[in-house]
1. Give region B:127-149 a look and list any residue that's charged (D, E, K, R) and either within 8 Å of chain A (Cβ to nearest Cβ) or within 30 Å of residue B:82 (Cβ to Cβ) (or both), or say none.
2. Would it be correct to say that residue B:60 is under 20 Å from residue A:124 (Cα atoms), modelled with pLDDT under 90 and buried (at least 24 other Cβ atoms within 10 Å of the Cβ)?
3. Give me the helices (runs of 4 or more DSSP H) completely within region B:96-215, filtered to those with at least 2 residues that are free of Cβ contacts under 8 Å to residues at least 40 places away in the same chain and under 16 Å from the mean Cα position of the chain (by Cα), ordered by residue number.
4. So which residues in region B:7-30 are farther than 23 Å from residue A:27 by Cβ and either surrounded by fewer than 20 Cβ atoms within 10 Å (Cβ to Cβ) or facing chain A (nearest Cβ under 10 Å) (or both), if there are any at all?
5. Pick out the one residue from A:214, A:233 that is surrounded by fewer than 16 Cβ atoms within 10 Å (Cβ to Cβ), outside any helix (DSSP H, G or I) and within 9 Å of another protein chain (Cβ to nearest Cβ).
6. Of the residues C:123, C:75, only one is of a type outside the set (A, V, I, L, M, F, W, C), surrounded by 13 or more Cβ atoms within 10 Å (Cβ to Cβ) and farther than 13 Å from residue C:8 by Cα; which?
7. Hey, among A:168, A:184, A:248, which residue is modelled with pLDDT under 85, in a helix (DSSP H, G or I) and aliphatic (A, V, I, L, M)?
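The values are calculated or read from the model by the stated rules, or taken from the named source; none is laboratory data. This is a predicted model, so every value here is computed, not measured. FYI the Cβ positions are ideal-geometry reconstructions off the backbone, even for glycines, and counts take in every protein chain you see.
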Amino acid sequence: MKAGTARRKLPFRVLARMLGRSFFLQASWSFERMQSLGALYVLAPALRFLYRGQDLEEAFRRHLVYFNTHPYMAPPLLGAVTALEEEQAQGADCAISAVEFRDMVMAPLAAIGDALFWGGLRPLAAVIALFFAFKGSLLAPLVFLVLFNLPHLWFRCAGLWRGYSRGLRLVETLQRLRLPDWALRAKEATVVLLGGLCAYLTLVCLKQEEIAAGWGLLFFPLVVLLGWLARKGVSNLLLILATLAVLLLAGLIV
Amino acid sequence: MTLSVFFMGGLAGLLLGLDRTAAGQFMLARPVVAGPLTGWLVGDPLVGLQVGALVELLWLGRLPVGAAIPPDDTQVAVAGTVLAVAAGHYYALEGMLLILLSVLVAMPLGKIGQIFDRLARSRNSRLVRQAEADVTAGRTAALERRHLRGLIHFAAAALGTYVLIVVPGWLVVRFAGERLLPALDGMDGWLLLAFPLVGTATLLGTINVSRSLTLFAASFTTVLLLLWLL
Amino acid sequence: MGIVLARIDNRLIHGQVLEAWIPFTHANCIVVANDELARPSLRRAMMEAAVPRSIKVVIGNVEEISRLFANPAFDKERVLLLFATSADALRAHRRGIGFKELNLGNMHEGQGKYQLSCTIHLDEEDVKNLSCLELEGVEIVSRCIPADRGQHWKKLIRNMPG
């Protein structure tokens, strides 16, 4: 049998269990092996379906090695790994083994996920929610959760399915999606919205202290100065304390 | 009354702390959600919302990249909310000043509390080794149990961090608050500005958008002028 | 501008490089000098897919990359140069890629390697290569992400046996 032509036979309930388990991927995150045990925990229902006895032990041993990727990228990746395992179990001669595939793809997928979810989507959803929060609306957490979790959950559910049904060709799908470019767009949107939010907050503060709004433009050089300090490695905690002290002085003088 | 606030806060800290890494990751652990949720549990969601918003803004740009562990903004938001609500009861006061004080007290303590998270993650190494021994011995059924035991470590770490912020934090709020609160009266507008300043500065410094400074400046000035004129 | 960062990182293009070092150095071009990745492969395809289109990626074996740097057109780019091993870094330096600083990011564990920090594992061979590089005037500092404090590599290997 040729690789890639093997029939996908895993029943739906096994995939559903893998999906459910994927939410606990990082329960045993450790410095040494990171998500190693977690990945095996997600794969276990599929491995139990595919192998018995000695073969099952062998499969478990194979997969209990270093593993680390972005938690939301793990379902598509582990879906594809499952497909490869299934082909191997059916005796297809694969160009690349499931474990090799895992090792190759996890680091780039981690990079894509970090950029897309932690760097792009999360700050974007948070900035939008912050507009609601500073207006005093309790909708803020709801807005954040919906904006963030719709793509998140879609990625997990559709990702696991796509990974499983496409196997090795998951890589092509991911290339086509151009996720890093989407991440960049999200970051740009975050910066623009953050500019608006800061302007709003500055005006509110100036109004409260009864100062002309034109002074708000001073905000900008201050950000540049603080950004320079942050790049030099000064921690946020120190920065906030220093800024508070300076602002207090300013408040006392004015 | 105050005791039940601390207790409910602990419950929130534990559950939200689990969402942070170990289970779910629905981002309930983000300050902008964790704050109001905790506030709702202890009877004042609006205070929680304000605490959460400040903490969120401050750490907007901090990403968990690779093996680096970012500051535990979840417990800072949860404990900050608890401190603010408890202090509100104690001083029979409300307003921004209490919230600012609570967040500022919670931040450095949260930094110390990170050792618990590190501890949990090193403890988990042992689980992986035990799982290896299990698989070698053919005990494949034990795997799930081993893995989920990590949840206990993470839950304990979350609770540990929470207690480490709330207990000394409460003492500071009670003793420093007596003197600081009257002295700072009327300054909260100024102090509030520090959060967008520092949060923006770190975000712009760490984001890989080539024109981030220009984009920010353009949008900031436009909105400022628009709001001013309208 | 030329090389803004030369780094040994066995994971090559990944999150720390893309999310932390690229914004810190304002690099607009990633160059990977690695013999295994020179041929088309899944790993290479995935790595290229992880980089946004606004950043150029050049992947080739050590020789190709060395020749590339001889081209003056390359001086205009802000290059982030990645190696997987200390041996590759030494070879590249001897072939004329003139980096003056070398960053040690991730060097993974293996047979005969000693763990010297969370992410850095070295063996005798690595130490020899790095010493050669240092003799040739390269300053070697271990620093995982920009937010970390850099540490001179001699300080790291003090507690290495032998």
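1. Residues of region B:127-149 charged (D, E, K, R): B:129, B:132, B:134, B:139, B:144-146, B:149.
Correct list: B:132, B:144, B:146, B:149.
2. Working: under 20 Å from residue A:124 (Cα atoms): yes; modelled with pLDDT under 90: yes; buried (at least 24 other Cβ atoms within 10 Å of the Cβ): yes.
For residue B:60, the condition - under 20 Å from residue A:124 (Cα atoms), modelled with pLDDT under 90 and buried (at least 24 other Cβ atoms within 10 Å of the Cβ) - is met.
3. On the way: elements: B:96-136, B:143-183, B:188-206.
Here the list reads B:96-136.
4. Result: B:7, B:8.
5. Values: A:214 fails: outside any helix (DSSP H, G or I).
Of A:214, A:233, the one residue that is surrounded by fewer than 16 Cβ atoms within 10 Å (Cβ to Cβ), outside any helix (DSSP H, G or I) and within 9 Å of another protein chain (Cβ to nearest Cβ) is A:233.
6. On the way: C:75 fails: surrounded by 13 or more Cβ atoms within 10 Å (Cβ to Cβ).
Within the list C:123, C:75, the selection yields C:123.
7. Numbers: A:168 fails: modelled with pLDDT under 85; A:184 fails: modelled with pLDDT under 85.
None of the others qualify; the one that does is A:248.
Matching residues to (1) among the hydroxyl-bearing types (Ser, Thr, Tyr); (2) touching a Leu at 6+ places or on another chain (Cβ under 8 Å):
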{"position": "B:79", "(1), (2)": "no, yes"}
{"position": "B:85", "(1), (2)": "no, no"}
{"position": "B:94", "(1), (2)": "no, no"}
{"position": "B:119", "(1), (2)": "no, no"}
{"position": "B:125", "(1), (2)": "yes, no"}
{"position": "B:129", "(1), (2)": "no, no"}
{"position": "B:137", "(1), (2)": "no, no"}
{"position": "B:142", "(1), (2)": "no, no"}
